[in-house]
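Shown next, in structure tokens, is the structure this report addresses.
The values are calculated or read from the model by the stated rules, or taken from the named source; none is laboratory data. Everything numeric here is computed off the predicted structure, so don't read it as measured data. Cβ sites come from the backbone with ideal geometry, for glycine too, and all protein chains shown count toward neighbours. For the accessible areas, the whole protein counts, side chains as well, though only heavy atoms, and no ligand, DNA or RNA atoms are used. Shrake-Rupley method; radii C 1.70, N 1.55, O 1.52, S 1.80 Å.
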Amino acid sequence: MDIVSPEKGKTVIITGKKFSKPELSRVVNGDLELAKEDNAPEKSRLDHLLVQQHPEYNRSSLQTFIKNGYVTVDGEVAKKPNTKVLPEAKIILNVPKATDLPPRPPVIYEDEHVLVLDKPAGLLSMAKGEYCPEPTLEDYGLLVHRLDRDTSGVVILAKDSTTQKMLRKQFQDRKTHKTYYAVVAGHPKLDEAMIDLPIARNLKRPTTFQVDQNGKSSQTYYKVLAKNDKYSLLELKPTTGRTHQLRVHLKYLGVPIVGDVVYGDGKGERLFLHAKELEITIPGENGGKRKIFRSELPKEFLDYVRNDEEK
């Protein structure tokens, strides 16, 4: 582009070179894209190609496989589902074979209809997604009720669908009695009380719940069993079974459960919530047998509420 310095009393004229090819000018100005070569192959997303090659898995599972390093492209491990791949690329999916289940958790009770286990903290109740590389309670029997992954204690499984239906109905009709123990940070104002606060999903964080006047009715009876200057050991008896009910109620009281990464500070080696007892009717003569199953309180719960002189 030529710029002519002005002289007094003269008009300044700015000119530019003209392109000998008008189409090239339009490309430079961004008005026209150069045509792609007809022979250039178009790349596709890796997860899209895998869906076509492996219809036995859904897209979510295949994306998980990619992130876990189970997929190679031309011999290189792929890590991102949105990786662009040429159609002639050699794609190999190598899902590890399911290993033998670890020994099942300690058995509290077993007969031809039910299996009652002492669930350890960290064991999932049910599989997440189509593919789950870790054991769950469903590997040992038919699921009747659930405990959060990090909650330990009594859980009952059915051995047949008729028993599963019978047991589930008792939970739905509130004919079971559950007792939990929890270590909480601080001390509730009252040593014994009934928490009657409705609970609803937290729309800002959809995987969590909160006390909400428009929520579902929720009641939890609690009693302080022991305490020191920092912590309290509570006995909890919910009369309803809302998701995260105990954790939400205790957070609202200002005494979150120790180790709760969602509703507390997350400090501690585990979530200090334990399913201590379950009272339920199991199949038997004359309409069934009423049973109470108990799990011993983990030692670390008592360690938290010991006084300094007792430690």
Is one or more of the residues making up region 239-252 touching a strand residue (DSSP E or B) at 6+ places or on another chain (Cβ under 7 Å) and small (Gly, Ala, Ser)?
no
Just to verify a result, which residue in region 236-246, among those that are closer than 19 Å to Arg205 by Cβ and touching a residue at least 60 places away in the same chain (Cβ under 8 Å), is most open to solvent (accessible area, probe 1.4 Å)?
His244
Of the residues in region 25-40, those that are surrounded by 10 or more Cβ atoms within 10 Å (Cβ to Cβ) and either at pLDDT 65 or above or not hydrophobic (A, V, I, L, M, F, W, C) (or both) number 2
Checked region 259-281 for anything open to solvent by 70 Å² or more (accessible area, probe 1.4 Å) and assigned to a strand (DSSP E or B); matches are none
Of the residues Tyr140, Tyr131, which single one is at pLDDT below 95, out of contact with any Lys or Arg (no Cβ under 7 Å at 6 or more places or on another chain) and open to solvent by less than 80 Å² (accessible area, probe 1.4 Å)?
Tyr131
Only one of Lys276, Lys230, Lys251, Lys267 is under 25 Å from Ile156 (Cβ atoms) and not β-branched (Val, Ile, Thr); which?
Lys276
Return a yes/no flag: does region 152-165 have any residue that is under 22 Å from Asp111 (Cβ atoms), in a loop (DSSP other than H, G, I, E, B) and open to solvent by 20 Å² or more (accessible area, probe 1.4 Å).
yes
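Output yes when any residue across region 282-295 is closer than 20 Å to Pro106 by Cα and either modelled with pLDDT under 95 or part of a loop (DSSP other than H, G, I, E, B) (or both), and no when none is.
Checked region 282-295: at least one residue is closer than 20 Å to Pro106 by Cα and either modelled with pLDDT under 95 or part of a loop (DSSP other than H, G, I, E, B) (or both).
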Can you name every residue in region 42-71 that is of a type in the set (S, T, N, Q), crowded, with 17+ Cβ neighbours inside 10 Å and free of Cβ contacts under 8 Å to residues at least 40 places away in the same chain?
Gln63
Are any of the residues in region 168-181 touching a helix residue (DSSP H, G or I) at 6+ places or on another chain (Cβ under 9 Å) and open to solvent by 80 Å² or more (accessible area, probe 1.4 Å)?
yes
Please go through (1) without any contact (Cβ under 8 Å) to a residue 12 or more places away in the chain; (2) buried (at least 21 other Cβ atoms within 10 Å of the Cβ) for Pro256 and return the number of the only condition it doesn't satisfy.
(1)
Evaluation of Glu138 against (1) over 29 Å from Glu300 (Cα atoms); (2) touching a Ser or Thr at 6+ places or on another chain (Cβ under 9 Å); (3) among the acidic types (Asp, Glu) (one fails), failing number
(1)
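Of all residues in region 188-218, which are open to solvent by 30 Å² or more (accessible area, probe 1.4 Å) and in a strand (DSSP E or B)?
Correct list: Glu192, Met194, Asp196, Arg201, Phe209, Gln210, Val211, Lys216.
Looking at Lys223, Lys237, Lys230, which one is among the basic types (Lys, Arg) and in contact with an Asp or Glu (Cβ under 8 Å, 6 or more places away or on another chain)?
Residue meeting the stated conditions: Lys223.
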